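Structure first, then comments.
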Amino acid sequence: MKVVAAYLLAVLGGNTSPSADDVKKILGSVGADADSDRIELLLSQLKGKDVAEVVASGREKLASVPSGGAVAGVAPAAGTAGAAATAAGEQKKEEKVEDEEEEDDADIGGLFGDDD
């Protein structure tokens, strides 16, 4: 991923066709290791292609990937819904306690004689 990021940074910087040395220079500037094999693989796959078109094509492909996180066609068991509601209620209670703790922390200025 860092090789792709370095390549895209070079393109954003105005270099329409970054070389392996350009990518290595960018990676080296942040102390990252430059894997020559991965850089060459990326350059060979992008050779002659417009980066904007490649990104647009990738977005179209990702749009068709389900990202709901739930398994389709599986209904929760009757007892599961009640347990989920109970867990949600407990979570709200925990959040409320955390909010009160944050309020207490914010009021420690008076302990050190900083009341103005």
Which whole-Hz ³J(HN,Hα) couplings does segment 21-29 yield from phi under the Karplus relation 6.51 cos²θ - 1.76 cosθ + 1.60, θ = phi - 60°, glycine and proline marked x? 5, 4, 5, 4, 5, 5, 5, x, 5
Using each residue's phi in segment 4-16, evaluate 6.51 cos²θ - 1.76 cosθ + 1.60 at θ = phi - 60° and report the 3J(HN,Hα) Karplus result to the nearest Hz, with x for Gly and Pro. 5, 4, 5, 4, 5, 4, 5, 5, 5, x, x, 8, 6
Listed highest first by mean packing, meaning other Cβ atoms within 10 Å per residue, what order do 26-36, 6-16, 49-59 come in? 6-16, 26-36, 49-59
Taking all protein chains in place and a 1.4 Å probe, what share, in percent, of the accessible surface of segment 23-69 do carbon and sulfur account for? 53
Two pseudo-spin positions, 7 Å from Cα along C-beta at residue 46 and at residue 12, lie apart in nanometres by 1.2
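The values are calculated or read from the model by the stated rules, or taken from the named source; none is laboratory data. Just so it is clear, the model here is predicted, and its values are computed rather than measured. Cβ atoms come from the backbone with ideal geometry, glycine included; neighbour counts cover every protein chain shown. The protein model used for the area step is the full one, side chains on, heavy atoms only, and it has no ligands, DNA or RNA in it. Shrake-Rupley method; radii C 1.70, N 1.55, O 1.52, S 1.80 Å.
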